[in-house]
Amino acid sequence: MGSLCPTIASRIDPGPTLWHSLPSTASEHAVTRLYFYIVPEQGADSSAVTACRVAEKAYEKGHSVHLHLTDSAGARALDTLLWTFRDGSFVPHQVLTGEPINAPVTLGWQDDPPVPADVLINLSAEVPAYFSRFQRLAEIVGPDAEALSASRERYRFYRERGYPLHNHRL
């Protein structure tokens, strides 16, 4: 993890906008709200640490969260990081493996995970096909050229479909 994690973790505040009161009825939740978190620093784990901070903030506000990753290796790495990214943090979480869900924060790479979460955090380069069933979607945008290019495609996809988009430069 190196010395980059504590530095980033102590500076990043995902902001209050993702955590405003969620709709109280299904009719109020017509459209998923999307937030792009743009990670400023290079580093092997800067995007992952940002995802941990966003998940922690959502959990602390009482939300259930699902983190969508590219594959099982990414889920295992983030599973470890969620326990260690910041001294004193506690984010109860579970990697989806087919077992009953018993944590408010889940991690997975499946096409349509059976999670009852209201916040989706995307760490994949692709648009999760099931994103619209969540009330909030946080897109974590890494600082490298490949991540920026993929995030621009996702941004275009959402914008063309009329989703409300919000950007946060961290």
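The values are calculated or read from the model by the stated rules, or taken from the named source; none is laboratory data. Treat the numbers as computed from the prediction; the structure is a model and nothing was measured. Every residue, glycine among them, receives a Cβ derived from its backbone with ideal geometry; neighbour counts consider all protein chains shown. Quick note on the areas: whole protein, heavy atoms, side chains included, nothing else; ligands and nucleic acids left out. Shrake-Rupley method; radii C 1.70, N 1.55, O 1.52, S 1.80 Å.
In table form, for the structure just shown:
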quantity: Length-normalised contact order of segment 51-170 in % [C-alpha pairs under 8 Å, at least 6 apart]; calculated: 25 percent
quantity: Residues R152 and S132, FRET efficiency given R0 of 22 Å [Cβ-Cβ distance, rounded to 0.05]; calculated: 0.65
quantity: Heavy-atom accessible area per residue - segment 22-170, 1.4 Å, Å²; calculated: 49 Å²
quantity: Accessible area in the full protein assembly, largest first, 1.4 Å probe, for F85, F90; calculated: F90, F85
quantity: In sequence order, calculated HN-Hα J values of segment 56-67 (Karplus, 6.51, -1.76, 1.60; Hz; x Gly/Pro); calculated: 4, 4, 5, 4, 4, 8, x, 8, 8, 9, 10, 9
quantity: Cβ-derived FRET efficiency at R0 25 Å, I101 paired with E41, nearest 0.05; calculated: 0.15
quantity: Extension gain (nm, one decimal) between Y163 and T70, 0.36 nm per residue minus Cα-Cα; calculated: 31.2 nm
quantity: Charge dipole (debye, nearest 20) of segment 65-129; +1 at Cβ of Lys and Arg, -1 at Cβ of Asp and Glu; calculated: 200 debye
